[in-house]
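Data block below; observations after.
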Amino acid sequence: MNELLAGIYETGGFQKTAGVNGQDPMSLSDLALMISVEQNEEGSDLEKVASVQDSVLDELVSFDRAGRAMAHAEFSEMEKAAAEGNMEPLEIFFTDVEQEDVSEKEQLKAAVLEELARRNA
């Protein structure tokens, strides 16, 4: 698991988490600032860093949106397959949930099945 991304999206698998390494959660803006500062020389003009940050943030937001759209489309395909009777894609998707989270896994699976039944009603 990528700790920076887990901090930004506040997820660790399906669990909400605090921050990265005990720090407050980061945002995409924080990550953009961190990247911008690393790209500029020490003592750079703050306006230059802010300008670079805006550009980096725009890219990160674009990547975030694209990733979310791709994830949504992929999960929709798994839901469609489940609605047609093929549960395997959803079962594979939920296999990475740790054994101790079995009840939560079952709850999520039940929620997906309930939603599919609602959509098909």
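Say we look at segment 15-46 and pick out the residues that are under 17 Å from F63 (Cα atoms) and in a loop (DSSP other than H, G, I, E, B); which of these is modelled with the lowest pLDDT? Within segment 15-46, the match that is modelled with the lowest pLDDT is M26. N86 meets the conditions (1) farther than 18 Å from L28 by Cβ; (2) assigned to a helix (DSSP H, G or I); (3) among the polar types (S, T, N, Q) in every case but one. The failed one is (2).
The residues of segment 59-74 that are more than 14 Å from S29 (Cα to Cα) and within 13 Å of the chain's Cα centre (by Cα), listed by number, are R65, A66, G67, R68, A69, M70, A71, H72.
List pairs: first residue in segment 56-79 and within 26 Å of L116 (Cα to Cα), second residue surrounded by 11 or more Cβ atoms within 10 Å (Cβ to Cβ) anywhere in the structure, Cβ distance under 7 angstrom, at least six positions apart or on different chains. Every condition considered, the pairs that remain are M78/P89; M78/L90; M78/F93; E79/V112; E79/L116. One residue is enough: does segment 91-100 have a residue meeting the conditions in contact with a Lys or Arg (Cβ under 7 Å, 6 or more places away or on another chain) and either of a type outside the set (D, E) or modelled with pLDDT of 90 or more (or both)? Yes, segment 91-100 contains a residue that is in contact with a Lys or Arg (Cβ under 7 Å, 6 or more places away or on another chain) and either of a type outside the set (D, E) or modelled with pLDDT of 90 or more (or both).
The values are calculated or read from the model by the stated rules, or taken from the named source; none is laboratory data. Everything numeric here is computed off the predicted structure, so don't read it as measured data. Note: ideal-geometry Cβ built from the backbone for every residue, glycine included; neighbour counts use all protein chains shown.
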